[in-house]
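Enquirer: Have a look at this one before I ask anything.
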Amino acid sequence: MLHTELPIYKRGCDLVQLAFNVQTQMPRAHKRHLGEKITAHCTEMVSLMAMANATRGHERAAHIRDLLARQRAATVLLRVGFDMKAVSPKLWSDSVQLLDSIGKQGGGWLKSSQSKAPAA
């Protein structure tokens, strides 16, 4: 299956679009540093999804673990932005849903890839 057909990839693309909206709507004082970091994490997640889909075994699991680490980092940064009133409640709510979905799908994908990996 192509990575572009994966439900997690579709959620990732939605998240990248949301991240750009967050960055666009942020006050100028936060846009460059916080907004760019959020967008970078979200964009990297989509890249890691494609790389994980193209690999197998331990390499796939490593990409998925990196994806989940980026997901947690993006969640924290978005929360900081929301607490600072730099992220609107609507975008925060949408981001929580997307990040939660990506986290659950990524966790399932990681379990699946580890159970298929040959024993060392």
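Enquirer: Ratio to report: Rg/Rh of the range 3-114, with Cα atoms as the point set and Rh obtained by the Kirkwood method; give two decimals.
Expert: Working: Rg = 13.9 Å, Rh = 13.9 Å.
Value, to two decimals: 1.00.
Enquirer: Can you work out the Karplus-derived ³J(HN,Hα) for every residue in the range 107-114? Use 6.51 cos²θ - 1.76 cosθ + 1.60 with θ = phi - 60°, whole Hz, and x for glycine or proline.
Expert: With the stated coefficients, the range 107-114 comes to x, x, 5, 5, 4, 5, 5, 6 Hz.
Enquirer: Amide H of Leu6 versus every other amide H placed in the peptide plane: which residues, excluding those fewer than 5 positions away on the same chain, fall under 5 Å?
Expert: none
Enquirer: Same structure, new question: If each DSSP helix of 4+ residues adds -39,500 (n - 2.57) and the sum is divided by the residues in the chain, what number results at 222 nm, nearest 500 deg cm²/dmol? If you can, show how the numbers build up before the last one.
Expert: Values: 4 runs with 92 residues, N = 120.
When only DSSP H runs of four or more count, the value is -27000 deg cm²/dmol.
Enquirer: By how many degrees, 0 to 90 and rounded to 10, does the Cα axis of helix 36-53 deviate from the longest principal axis of the chain?
Expert: 20 degrees
Read the figures in this text as sums done on the coordinates, not as results from a lab. Just so it is clear, the model here is predicted, and its values are computed rather than measured.
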